[in-house]
Structures are given as C-alpha cells and as structure tokens.
1. Might you let me know whether segment A:41-49 holds any residue that is of a type in the set (A, V, I, L, M), under 16 Å from the mean Cα position of the chain (by Cα) and open to solvent by 10 Å² or more (accessible area, probe 1.4 Å)?
2. Within segment B:171-213, how many residues turn out to be surrounded by 16 or more Cβ atoms within 10 Å (Cβ to Cβ) and either within 19 Å of the chain's Cα centre (by Cα) or in contact (Cβ under 8 Å) with a residue 12 or more places away in the chain (or both)?
3. Taking the condition of being closer than 27 Å to residue A:25 by Cα and either away from chain B (no Cβ under 11 Å) or open to solvent by less than 40 Å² (accessible area, probe 1.4 Å) (or both), how many residues in segment A:77-103 meet it?
4. Can you tell me which residue is most open to solvent (accessible area, probe 1.4 Å) among those in segment B:67-92 that are polar (S, T, N, Q) and within 16 Å of the chain's Cα centre (by Cα)?
5. Taking the stated definitions as given, is residue B:143 without any contact (Cβ under 8 Å) to a residue 40 or more places away in the chain, in contact with a helix residue (DSSP H, G or I) (Cβ under 6 Å, 6 or more places away or on another chain) and of a type in the set (Ser, Thr, Tyr)?
6. Which of (1) without any contact (Cβ under 8 Å) to a residue 60 or more places away in the chain; (2) buried (at least 20 other Cβ atoms within 10 Å of the Cβ) does residue B:311 not meet, given it meets every other one?
7. Exactly one of these conditions fails for residue B:64: (1) over 19 Å from residue B:352 (Cβ atoms); (2) open to solvent by 70 Å² or more (accessible area, probe 1.4 Å); (3) not basic (Lys, Arg). Give me its number.
8. Filter segment B:138-170 down to residues that are open to solvent by 40 Å² or more (accessible area, probe 1.4 Å) and over 22 Å from the mean Cα position of the chain (by Cα) and give me whichever is nearest to the other protein chains (Cβ to nearest Cβ).
Amino acid sequence: MSADPAALGRAPSRAAITLKASRQRSTGLGVFPAIPRHSPSAPGFEDITLSPEAELYSFTVIHPNPRSGEAPFVLVYADFVENVRVFGVLDLPGDIAPRIGMRLRTVADDAEAGTYRFELVEGAST
Amino acid sequence: MTSFGRRPDLSMQDLAQEAVLGALADAGLQTSDVQALYNSNVYGGMVLGQVLMRDLGITGPALYNVENACASGATAVHLACQALRLGLYDTVVVWGVEQLTRLGGGTIPLQRNDYKTELYASQGMTLPTVYAMRGTRYLHERSESVDLLASIAVKNRQHGSLNPYAQQRKPVTLEEVLQSRPVAEPLTLLQCCPSAVDGAAAVILTTKIPSSGRRAVRILASAVQSGHLEIGCDDILDAEITARTARLAYEQAGISPKDVDVVELHDAFTIAELLYYEALGLAPDGDGAGLLRDGETALGGRVPVNPSGGLLAKGHPLGATGVAQMVEIAWQLEGRAEGRQVEGARIGLTQCTGGGIAGVDHAASSVHLLGV
C-alpha cells in the first residue's frame, strides 16, 4: 500500500452515530443497509442497531483520474460484532495509512441524507 | 469476431454484422440456415438484436436479447444450448456486442436500480473497488506482495501481444505494471482491463454434422448460476459462485479440472485470475500463486490461462466477452490460434463471472467446457 497518507481524508471531527441494519430470522446473519419495512421481504428480517465501532476487514485507496483534480480517498469494508459488513468511506488523519484490523467508529456525514463515514477510534493502535 | 479496440468509426450494427457474417462464412452457412438468434449486450438498450440484424435481412426467426452483466455472452450461449438440446432448433447464431467508447471511458457505470446499489454507489462503490478490496485482503492473508498481482498482467499482456484481435498488444514488464498509475490500491492501471473498448464476437451452434471438414468442437458442459445474498461477514476470497458453477460444469462433462488443457477466464482485474485458479480447481485451495509462479498458466505451461491475452489485454466489451472466450477456445481446439496455439489442446474451459456489486456474491457466473 503506497498511498501518501498526507493526501488521505480529513481529520476526525464528526458526531458518532449508529447504523440501522437487518438480521435474517432464518440464519441470524446481518445485512446492511436495513431491508425496507415496506418490502415483501421484510417479514424474513428483524431490525437491529449496529455497535458504534467496527473492525477494518479490507480497504482500498482510490486514486481518481488526475484530470478530475480530486484527491485520493480510502474505502473500507468494516465488520461489526453483529455479524454485519458495511462499505463506506474512511477518513484518516494525514499521518496514518489504512490497515486491516484497525478499530473504526461510525460518524455522521450528511445528517439530512442520513449518510455516514468511518473514522479511526481515538487512541486505537496504528 | 471483430478485433477489439476503440472503434468510434463503426456503429454497433457494423460490429455485430461483421461478427455474425464472419461466423456464418467460417461455418459455410447462409443467413437462411439460421433458425434462431441470441444477442448478448449490456448497455445497448431495448430490442437491440432486432435492430442489429434488420439490415442484414436476418429477420423473422425467434430472437432473444440476453443481459447478465459480464456473463451475458456466456448466458446467451447457455440458453442456445438448452434450445438445441430440446430440439427446438438445429442451427442458431449467438453473438455479443458492446460499444463502451460511447460511454466516454473510465470506470463502467453501475446500474443504480435498487436501494443498496444506490447507497453504496454514492459511497464510492465501483467494480475496481470490489476487486481491489479482494486484492488487499489476499495480500494480507497470504503474506504476498504486489509483485504477484502484477505478474498476472505481465503474463496476459504477453499473451495478448500474440493475438491480432487484442486491443493492447504491447508486452509489459513487472516494473511497468507496478509503476503505472494507481487506480484502486493495490491495483494499478495495467492491472485493470481496458474499459474504453468496442467489439463483437459470434458463434454458430448446431446439432448437425459440420460440412467444413474441420474437427467439430463440442460443448461438453454449459452451466450458469446466480449469486447468493451477501450476508454476515463472509470470506471475500472465496469465489463461491464460480466454484459452484464450475462444479456443475465438470459434473455435466464427466471430467475433472486435471483434464482441462486451456482456459479463458474472467481476468477483469489481476486479482480475479488468482482467485479463479482455485475456484475452477486448477490449483488446490491456497495454491493459486504457486500455479502462476511455476509458469503452469503461461503459454507452454501445463494449463495455459488466457492465451488470448484475456480481458486485461484483449479488452472487455461486456456483452461480447463471453462469446469471444468461446471463439478463442474453439480456435485453440481446432489448432487455428496462430502464434499463441496451445499444442494438442483437446478440452478447453471458459468462465465469466460478473455483476460483483449490490449485495450478491456476484450476480452471475457461467462456465462452459468445450472439447474435440
């Protein structure tokens, strides 16, 4: 992994949130995002709330085409103890590179849109 | 088939008609011999097949438009096989066509047709993202370096340099692959299949004895499967749908992976080829890297993989890819793959697995076994 950490993401500064997901009744396994309540599939699932923290399962650093002028950013799969995997953007302090096993927390991105991002848990080993 | 490449001067009609007429001529058949038509395409729109064949005058017979992401072409062949086995027809044409340059290049866009795809696409999910995540996890779990991934690109682009139908025909070194522009770490540009590519491929399938005098290439097995709901925290290195589809194909043909002489597989990104070595049974679980390192999947090796250059060199016009794999394997089995011939090949395998997004363990996988 060769990305320049200084180019990755923003400093943590956002409010912690928890995500809503669904648990399949027949298997006990979880899925994110939650199955819509109006869906004909809904009876097969129950609503769950994910823990505030998760573990980084895998990641990539996306390098947009240089013509776009956009900076590189980190995308991750984050595994929650509720047996749910969530995909999303990870914001890291400029001097830290992503690493499998990192402890992450979920934070609000756009409160109105209900979107989320991930940040490194403060004090977690890097 | 047409050569694959940037063909802005041609329409999709031009590409499809060139491929279909070429296949008919190769088989010594006339358009009037065709009893049904199967068109494979992803981005072309409604009733595309009828539009493509209209001016050729191949109108009237049943025409089926097939879409199944990257596995569209292979799925079209699968459906044609079913109809032939049922005796509905005795001679059909299957073609695939795509004109991705019309999309403007760059990453192939996702179809935002459900709530999960919409959410994840807004978070930055793309097809390279999915494979890059696998690449990162693979290197982590197996204590490998990025050199391993880059070696796939070196091998397949070397093969592609021998194929006049390939879009990219320049051999590359390991250093060139690693130093090419990073796209989605650990994948660099030369580890991703070209996405600005146009092309078409066609095959004639028949239950009649061919009159051409060449060895008849038989379809020994044809399998298609769909992906399971991605739920819980499963192993992203387990190419389950591909392994499941391959098992079905081997069972149908009554052969084992050891019987396969040549393979065209879905190397949209370098990591995919490594995972599919194991899913297809070419290597024991955990030993895909060894197969590559030992040179067994290069031309001259025990089971050459992607002698055409694969998607990495040939390009990946989605709807055409699965059919183009069949064309390459047919040429290999007939001894017609000039410059890249796998000597003595008698059984070949094609594999397409596509739609790796939106909450299923890939949407579709298809495996075919061909033999002489």
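The values are calculated or read from the model by the stated rules, or taken from the named source; none is laboratory data. Everything quoted here is computed from the prediction, not taken from an experiment. Positions of Cβ are backbone-derived with ideal geometry, glycine not excepted, and every protein chain shown enters the neighbour counts. To get the accessible areas, we keep the full protein, side chains included, count just its heavy atoms, and leave off ligands, DNA and RNA. Shrake-Rupley method; radii C 1.70, N 1.55, O 1.52, S 1.80 Å.
1. no
2. 27
3. Residues in segment A:77-103 being closer than 27 Å to residue A:25 by Cα and either away from chain B (no Cβ under 11 Å) or open to solvent by less than 40 Å² (accessible area, probe 1.4 Å) (or both): 10 in total.
4. First, the residues of segment B:67-92 that are polar (S, T, N, Q): B:68, B:72, B:75, B:82, B:91.
Filter once more, keeping what is within 16 Å of the chain's Cα centre (by Cα): B:68, B:72, B:75.
On the way: B:68: 44, B:72: 0, B:75: 14 Å².
Filtering segment B:67-92 for residues that are polar (S, T, N, Q) and within 16 Å of the chain's Cα centre (by Cα), the one most open to solvent (accessible area, probe 1.4 Å) comes out as B:68.
5. It is false that residue B:143 is without any contact (Cβ under 8 Å) to a residue 40 or more places away in the chain, in contact with a helix residue (DSSP H, G or I) (Cβ under 6 Å, 6 or more places away or on another chain) and of a type in the set (Ser, Thr, Tyr).
6. Here residue B:311 meets the rest and fails (1).
7. (1)
8. Taking the candidates together, the pick is B:140.
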